[in-house]
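The values are calculated or read from the model by the stated rules, or taken from the named source; none is laboratory data. Everything numeric in this text was worked out from a predicted model, so none of it was measured. For neighbour counting, all protein chains shown are included, and Cβ atoms are generated from backbone atoms with ideal geometry for every residue, glycine included.
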Amino acid sequence: MPPPRTRGTALRHRLAELRGPDVPAKALDARALAALAANPGCARRAILDGAGVNKAALASALGSPSAFGQSQFALTRGNAFEAKVKADGGAELLRLVHEKLDRTAEPPTEARVPDLTATGPQGRTARTALELREAAAHPGAWTLLDHPMLALDVAGSPAFLEPDAVVVHPDGSWTVVEIKSFPLLDGSADPAKVGAAARQAAVYVLALEEVAARLGAEPEGCAGGEGASARRPEGSSTVAPSTPAEAPRTRSAQDRAPAPRVRHRILLVCPRDFSNLPAASAVDIRKQRAVTARQLTRLTRIEDIAETLPEGTCFSPELPADELTAAVESVPATYAPECLSACELAFHCRSRSRETGAVTSLGRPVRAELGGLTTVEDVLAAARGEAGDPDDPAVAALRRAAALRAEALEAACR
Amino acid sequence: MSLISTLARLEAVSTGRAQPAATVRHRHLSDRPLVFVPLTTAGEAGAPLGALVGTDRDAPRLLAVPQPRDRDLRFAFLAELADVVLPYIDAYAEVVEAAERTETDPETGKRVKVEVDLCADAPQLIVPSRGGIDLVRLLGRSMRFRRTAEQDPETPYPAPPRVPLLGRWLTHFGERARVPGSSLLLAMTDVLSRHWATGQSTLEDQHLGALLAWIDPPEGLTGAEAALRAELERDAKGQLTCPPAGPATDPAFDNKLLAPAIERYDRARTALAAAEDGLEADDRLGALTAAEREIRDLVLSRTLPTWEKVWQGLDLLRELPEGAHVEERWTRDRWSFTGHRDRVLAGEPPQPRRDDAVTAANKLATREREQARLEAQEALDDPLVMAGRRLSGEAFAGEVTDVVMAYSEGKRPSPRPLVTVRTDDRPHLGERTKVYRSLGGKPQSAEFVGVEEDGAYVVLRVLDKMGRGKEPEPGSVPEKGDRVCFTLFEHEQRGGAKLPDPEETPWTHGGPPGEATLEAADPVTSEDVL
């Protein structure tokens, strides 16, 4: 059952308070999704992302600005490539989908490309859901949704996602399309970048599966955009069932269409070699989907984190630095060096982590080796034999390592 | 990461300075390396923006592409790069010495010794970071299939004459860099972090400025402070005072400085093309030259700090004594260089886009063997590396407490002395485990017999390198009181099973690759980026 409406509204109010007055919420972008995968246990990141706080502005206000930025050259080229792929009603894009994923289907000579414009993310989400339902009513046709908007429940608050494209196949199944501007060179691309794209697509697939489940649960054709949009912002959990008792105002004779299938092979479109011509590859994202789904369920619920915060906590970048620092410090973070490539706040967390002498600031594997010793001084004291229980295997190994290291360095000096 | 290097990192945190992770230098450094500091344009797969390149620290050659989207300007850049790199390579290709190599005689099938040329020394390319190695590989890939007007008069956009050759060489350097322990192409960050442990994570060590800040902090600063400054400090214009080592540039530089400069250049170029008379053209040419000058200055301002840092890194590395086996590994690099020189001279086509099955399997086998060789040799050369192996139970050191003469059974008894070693190490020894020690540079093997007093004493039976006589040769058996160090890993690597010749590739692996053919050039489109 979805939680009572009041609770959802209360959370929304609370998150708006955290964000600060008149600060618009920032949508969960690809980097935030990557951070989610890199560090699911970080409460600080979870609440800031959940509340839609602009972490880049926050980091600057804290005095540790993030080093992220996008070069206008990269932006121009990315946009130009995407426009090229989608040109001409998406003819080239659909040809690639047909060739790589669905060769048995009718070739896409013409396709439906519905207009998805609407006001606000909720409106666009509703519009997308409506068009996906509409597409289900046109079996045998190809439909291209250009920049649809999807909503996904992340730790109790809705996150809005914008895939590059979603294609509805003639058999009614859906494919996520990711368009990236790194090259596919001789049929292979940078594995790290492909991995990031696959993780991103996996989130889109999860969001689409929610839409599909709702479509399957609903009587065909009932409820317009309002129905979907009104439900979403409540942060209701995965499937929001509507009552089948509602009288079906159907176009088709079927009462319940089966839920559309979301394909687990996505299409990654990249420039071929050194040219600007699109090349595509099907990427199996089952593993990334499973991992992301698991991490989404184990995220601490934002409500729970919000409840632990002192009254009046606010992350508005307008506030003076010391108040902001106190606010940020009131949520615990789990910093690891991987954060540097995924989270705007990483430099701030790193300096805190270093100040406390946490060994994790040297990398997660370091922490794993040292057992219960978590600070640099503890470890060094144990290694020198000044502290620690010699029967503790971690301490014994440390002392042994320290002795061997000293012996080797001494031998080298001689 | 072993506990010993973790400990070194923690000590670096506490002392504010990087700690040694090696006591000798494990990579060869040429007397005259070619340093290459490239920059690329964001978003374009490796489209070059400029580079500093050269062998003389005080006189780097600046190359710049004022409009990276212009094919002719990119070709001009590559041609200029070829003018620097190829003469440098040729200088090494010309000096040879005689060497022997075993080859299979095609008629008899026997292994015979053949006298061949081996280049007396090899060129060495140094880039600032791992991204630089990837770019070398990418540049190689983009150039080696290009056609020059001489090769194919019909080709739509002919490449400058020496560009395809440069592509083949850069491909070779890029491929060789994948072989563990090789030194033909080195990334400065990799080499430095092999030799020093900093007080930051391995991810942060990828930043050349921060890494050097830990190893050699400026007066009055700790490593952590200097590294932070290198990572984040910006000047009044919002530019990083320590620009990234590339090949990617800082977005703030792209947006605030580079983009306007490129726009001015484009405008000047359009204006020049529209000039109506000679006088006007002269003026506008002046404006164009000024715009180009500005971009060159920008490229220089982003590459020169990195250039200095690479040389500073070289200075630091040269202070370390070279490891005993480094020379041997460099000889392998020389063989690799000579081999490619011969292939080029023989007129073979460029390296294919994809290797055939046998070549690919051979490459993998080589990398595995070299990895094992590197690990063994580094341990033998460096007590600090050996300490790590001792900690993990793969080696042990101690004092010989007893030697008992014994003999093998059989018609001609050979010496098989029993040696007892007192050690604090805890090696993972099983029954009759073979162990090795280095005796005059050659491995001597022994087998494990047993332990006494709860592992404090290890009894070994020495098996070889004692000569042919009944009595072992003097010095070939450890004596009481000697310090010895035995390893559980072999010192020399045996090659694996021999693979068939490419012509004999079984059908399961795609069959024989057929004649080596010149692969088609990449189709050229109007919007290529490289």
TODO: Could you identify the single residue in A:184, A:206, A:161 that is over 12 Å from the mean Cα position of the chain (by Cα) and touching a residue at least 40 places away in the same chain (Cβ under 8 Å)?
DONE: A:184
Open item on the list: Just to be sure before I move on: is residue A:411 modelled with pLDDT under 90, in a helix (DSSP H, G or I) and at the interface with chain B (Cβ under 10 Å from one of its Cβ atoms) in the structure I sent?
Closed with: yes
- [ ] Identify the single condition in (1) aliphatic (A, V, I, L, M); (2) surrounded by fewer than 20 Cβ atoms within 10 Å (Cβ to Cβ); (3) in contact with a Ser or Thr (Cβ under 6 Å, 6 or more places away or on another chain) that residue B:395 does not satisfy, given that it satisfies every other one.
- [x] (2)
Open item on the list: Condition check: surrounded by fewer than 23 Cβ atoms within 10 Å (Cβ to Cβ), closer than 27 Å to residue B:331 by Cβ and without any contact (Cβ under 8 Å) to a residue 40 or more places away in the chain. Does residue B:80 satisfy that?
Closed with: no
Task: Residue count for the range A:360-397, restricted to those that are part of a loop (DSSP other than H, G, I, E, B), over 37 Å from the mean Cα position of the chain (by Cα) and surrounded by 14 or more Cβ atoms within 10 Å (Cβ to Cβ) - done: 3
TODO: Check the range A:301-322 and report whether any residue there is surrounded by fewer than 17 Cβ atoms within 10 Å (Cβ to Cβ), at the interface with another protein chain (Cβ under 7 Å from one of its Cβ atoms), outside any loop (DSSP other than H, G, I, E, B) and not β-branched (Val, Ile, Thr).
DONE: no
Task: Pairs, first on the phi > 0 side of the Ramachandran plot and more than 7 Å from chain A (Cβ to nearest Cβ) in the range B:1-26, second of a type outside the set (Phe, Trp, Tyr) and in a helix (DSSP H, G or I), C-beta under 6 Å, six or more apart - done: B:16/B:223
Open item on the list: Which condition from (1) away from chain A (no Cβ under 14 Å); (2) in contact with a strand residue (DSSP E or B) (Cβ under 8 Å, 6 or more places away or on another chain); (3) small (Gly, Ala, Ser) is the one that residue B:82 breaks?
Closed with: (2)
TODO: Answer with yes or no whether residue B:137 is part of a helix (DSSP H, G or I), crowded, with 23+ Cβ neighbours inside 10 Å and of a type in the set (Lys, Arg).
DONE: no
Open item on the list: Can you say whether residue B:434 is in contact with a strand residue (DSSP E or B) (Cβ under 7 Å, 6 or more places away or on another chain), among the charged types (D, E, K, R) and under 19 Å from residue B:392 (Cα atoms), as far as the supplied structure shows?
Closed with: yes
Open item on the list: Out of the residues in the range B:298-314 meeting the condition of being aliphatic (A, V, I, L, M) and closer than 12 Å to residue B:249 by Cα, tell me which one is surrounded by the fewest Cβ atoms within 10 Å (Cβ to Cβ).
Closed with: B:298
Task: Single residue of the range A:349-359 satisfying the filter (outside any helix (DSSP H, G or I) and more than 9 Å from every other protein chain (Cβ to nearest Cβ)) that is farthest from residue A:58 (Cα to Cα) - done: A:358
Open item on the list: Quick check on my filter: what residues within the range A:332-347 are of a type outside the set (A, V, I, L, M, F, W, C) and either closer than 9 Å to residue A:45 by Cβ or not in a loop (DSSP other than H, G, I, E, B) (or both)?
Closed with: A:334, A:337, A:338, A:341
Open item on the list: Name the residue that is modelled with the highest pLDDT, counting only residues in the range A:283-295 that are surrounded by fewer than 18 Cβ atoms within 10 Å (Cβ to Cβ) and of a type in the set (A, V, I, L, M).
Closed with: A:290
